[in-house]
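Below: the structure, in structure tokens.
The values are calculated or read from the model by the stated rules, or taken from the named source; none is laboratory data. These numbers come from a predicted model, not from an experiment. With ideal geometry, Cβ positions are generated from the backbone for all residues, glycine too; neighbour counts draw on all protein chains shown. The protein model used for the area step is the full one, side chains on, heavy atoms only, and it has no ligands, DNA or RNA in it. Shrake-Rupley method; radii C 1.70, N 1.55, O 1.52, S 1.80 Å.
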Amino acid sequence: MSHISAHAADTKPVETVHPDNLPAASQDPGLAGAALEKMVEQSAEHPDVKNSIHAPMHMLQNIPFVHKLVPGLEQLANQYHVGNFVIVRATGERIFESMPIYPRLGMHLLFYGGTQVKMLRNRSVETVLKDLSVRQGKIYDSPESVKSIPSFIQTYSISLDELEQPDISKYKTFNEFFYRKLKPGVRPVQNAADPSAFCSAADCRLTVYPTLDLAKQLWIKGNNFTIPTLLGVAPDSDTAKAFADASVAVHRLAPQDYHRFHSPLDGVVGDVSEIAGEYYTVNPQAVNEPGFDVFTANKRAVLYMTHAQTKLPVAFVAIGAMLVGSIQWTGGAQKGASVKRGDELGYFAYGGSTVVVLFPKGLIQFDEDLVKNSSVPIETLVKVGDSLGKVPAH
């Protein structure tokens with residue numbers, strides 16, 4: 001997301017998203033759904049991503065096409081900052097990441113999810129979000145979509161220096177650029193010589209919790225969030241018991257991030273379990289809202305791994321989100337293969353998304369700075385390979 005300094009962000013309040021924040025005439029979920037539909041279609045026609053789904057909320061006054069679709073949205077953007085604070089781990093700086101328009105409208109629709117509300121040709125919220133996600137994926141898989149790559153790079157200040165292919169004319173579709181590869185060596189694994197160490201699985205905004213209870217108290221507020229529901233297993237299964245009161249690492253990827261995910265451990269690749277689900281936004285405000293169960297409701301895939309040093313299981317959960325086309329496994333599809341920290345496991349096609357890694361109780365002691373930030377709670381901006389923690393000394 002495009003970001004602004006903490007000093008600038010502190011000049012007005014951060015919006016706590018609620019349907020009533022929009023003027024009465026714009027609270028109808030059908031209007032938000034229709035606006036999203038028009039913006040997805042606009043992304044097929046207009047090369048500038050800021051004129052469609054990636055319109056930054058703090059720049060709406062400069063984008064008449066977008067704020068005319070939802071009357072009053074510009075006023076909301078003038079009154080509040082819309083987005084989330086994060087801590088940059090490398091510098092300790094606190095910055096504010098402005099939310100693009102599509103997750104803000106997705107948040108509005110979440111309040112009507114799971115209800116009997118019908119919208120857009122008598123479809124449910126869930127059906128509309130799924131249809132739009134599939135449509136956006138097809139648009140960004142088309143050869144014509146390459147025209148949006150330059151404005152996407154400009155909107156999010158994406159550096160090309162790290163890319164395995166820095167010549168953007170070589171990409172055949174927008175999605176090819178979206179799940180771009182990096183040059184070897186640009187994401188070194190910290191503590192690589194220490195077999196007890198773990199690392200970040202993605203370029204992301206990271207929160208970590210030593211226990212599931214802490215994760216639910218401070219971050220994942222969904223009323224129905226449990227390990228069995230996340231993994232799609234029976235509460236009395238051996239898998240559910242193995243991860244009872246697990247330690248949790250939540251890796252949130254924003255649209256501008258490098259979207260390949262990597263192994264957080266030295267170990268062996270096991271089975272993958274695919275779980276059908278919805279396409280809700282995974283923005284922190286959705287995760288932090290008690291009534292929303294985005295992690296356990298959304299489409300996801302669970303890779304089971306075995307930690308080399310301790311032989312304990314680890315669950316690597318790739319969670320799709322609003323406008324995410326698909327979850328693709330690369331190294332994670334090689335059952336029985338040995339992997340090292342930092343080895344690629346797979347990637348997300350277009351959209352923001354999340355990886356949740358579950359460690360059995362006592363397997364990991366998370367790094368102190370990550371635990372401290374997460375207890376605020378505030379996410380920490382990290383890179384693939386950055387230190388996550390170690391097996392505790394006994």
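Annotations for the structure displayed:
- In the chain, the calculated helix contribution to ellipticity at 222 nm averages -7000 deg cm²/dmol per residue, counting -39,500 (n - 2.57) for every DSSP H run with n ≥ 4.
- Cα-based Kirkwood hydrodynamic radius, the range 157-305, one decimal, Å: 17.6 Å
- GNM top mover of Ser247, Ser374, Ser157 - the chain, alpha-carbon springs below 10 Å: Ser157
- Accessible-area composition of the range 51-197, carbon plus sulfur, in percent [1.4 Å probe]: 52 percent
- Averaging the sequence gap over all C-alpha pairs within less than 8 Å and six or more residues apart, then dividing by the number of residues, gives the chain a relative contact order of 19 percent.
- Spread over its residues, the convex hull of the C-alpha atoms of the range 300-353 is 76 Å³ per residue.
- Approximate spin-label separation Gln165-Asn224, in nm, with each point projected 7 Å along Cα-to-Cβ: 4.1 nm
- With a Förster radius of 25 Å applied to the beta-carbon distance between Ala24 and His46, the computed FRET efficiency rounds to 0.25.
- Inter-label distance for Ile378 and Ser157, nm, one decimal - labels placed 7 Å from Cα along Cα-to-Cβ: 1.7 nm
- When both bridge partners sit in the chain, DSSP labels roughly 90% of those beta bridges antiparallel.
- Full extension of the segment from Arg94 to Ser196, taken as 0.36 nm per residue of separation minus the current Cα-Cα distance, would add 33.7 nm.
- The residues of the chain expose, per residue, 39 Å² of accessible area to a 1.4 Å probe.
- For the residues Thr296, Thr229, Thr91, a GNM of the chain with alpha-carbon springs under 10 Å puts the largest fluctuation on Thr91.
- When the chymotrypsin sites (Phe, Trp or Tyr not before Pro) in the range 250-331 are filtered for DSSP coil states and for at most 10 other beta-carbon atoms within 10 Å of their beta-carbon, no site remains.
- Our estimate of slack between Ser5 and Ala234, defined as 0.36 nm per intervening residue step minus the Cα-Cα distance, is 77.9 nm.
- Full extension of the chain segment joining Glu274 with Lys38 gains 81.9 nm, where the gain is 0.36 nm per residue of separation less the Cα-Cα distance.
- Carbon plus sulfur fraction of accessible area for the range 300-394, probe 1.4 Å, in percent: 52 percent
- Between 0 and 90 degrees, the angle of helix 29-45 with respect to the longest Cα principal axis of the chain falls at about 80 degrees.
- Using the Cβ-Cβ distance between Asn288 and Lys147 with R0 = 56 Å, the FRET efficiency computed as 1/(1 + (r/R0)^6) comes to roughly 0.95.
- Sites Lys172 and Lys311 - FRET efficiency at Förster radius 45 Å, r taken between beta-carbons, to 0.05: 0.55
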